[in-house]
Amino acid sequence: MQLSHLDENNRPKMVNVAEKEISSRLARASGVIKVSQEAFHAVKAKAVKKGAVLETAVIAAIMGAKKTSELIPMCHPLNISGVEVDIEEDEKMCAFKLFVSVKCEGKTGVEMEALSGVSIGLLTIYDMLKAIDKSMEISNIVLEHKKGGKSGEFKRV
């Protein structure tokens, strides 16, 4: 089987999407960061010296989605039409779950943009809290849903 990102000589290449049809694309990804009780309560109380943690993570997630093609070599630059970020707080687990949804009209999907947005958003939370908690854990970064394109729809169950 020939991989799409390798040419006939097994050299890396960017997939040519010139012949593909433009369609509406949507992807939603999520991930979790578990923090100490002290760090969780500092975020909730807005008592972190570096500033507003969750608000900064939202901005970072949007930027991460927009910059994906600059970070991942084989990703195409896309004209993203929207990025939405949601954060759920889990006080019992001292965790934050970040969701990123990305939309565009294009010839290739936005799964990598959604996953990059989640990753950058979670890393931003880590960066802002590392003075309080060095034991934080980032986990479960997954594609939740994707719609559009030749492969159709995917929903994680």
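Amide H contacts for Val110 (H built 1.01 Å from N in the peptide plane; partners 5 or more residues away or on another chain; cut-off under 5 Å): Leu26.
A simple charge model with +1 on the Cβ of Lys and Arg, -1 on the Cβ of Asp and Glu and nothing else charged puts the dipole of the chain at about 60 debye relative to its Cα centre.
What number, in percent, do you get for the relative contact order of the chain if the mean sequence gap of Cα pairs under 8 Å and at least 6 apart is divided by its residue count? Write down the numbers at each step before the final one.
On the way: 321 pairs, mean separation 57.2, N = 157.
Taking the mean separation of contacting Cα pairs over the length of the chain, I get 36 percent.
Once you mark the trypsin sites (Lys or Arg not before Pro) that are in a DSSP loop and have at most 11 other Cβ atoms within 10 Å, what is the longest gap between them in the chain? For trypsin sites (Lys or Arg not before Pro) (loop position, at most 11 other Cβ atoms within 10 Å), the longest site-free span of the chain is 1-45.
How would Phe40, Phe96, Phe154 line up from fewest to most surrounding beta-carbon atoms within 10 angstrom? Walk me through the intermediate numbers first.
Working: Phe40 21, Phe96 24, Phe154 13.
Placing the least packed residue first, the sequence is Phe154, Phe40, Phe96.
Annotation for the range 1-90: GluC sites (Glu not before Pro) lying in DSSP loop with at most 14 further Cβ atoms inside 10 Å of their Cβ are Glu8, Glu19, Glu21.
Placing dummy labels 7 Å off each Cα toward the beta-carbon, the span from His76 to Glu55 is 3.7 nm. Using the alpha-carbon positions of the chain, Rg (one decimal) and Dmax (whole number) come out as 17.6, 57 Å.
Among the listed pairs Lys34/Lys66; Lys34/Lys146; Lys34/Lys150; Lys44/Lys66, those whose Cα-Cα separation exceeds 31 Å are Lys34/Lys150.
Rounded to the nearest 0.05, the FRET efficiency derived from the C-beta distance between Met63 and Asn9 at R0 = 41 Å is 0.70.
Partner lysines whose Cα lies under 16 Å from the Cα of Lys46, excluding those fewer than 8 positions away in the same chain, are identified as Lys130. Against the chain, whose longest principal axis is taken from its Cα atoms, helix 111-129 shows a tilt of about 20°.
A short reminder: the numbers here are calculations on the coordinates, not readings from a lab. Because the structure is a prediction, the values reported are computed rather than measured. All Cβ positions, even for glycine, are placed from backbone atoms using ideal geometry, and neighbour counts span all protein chains on display.
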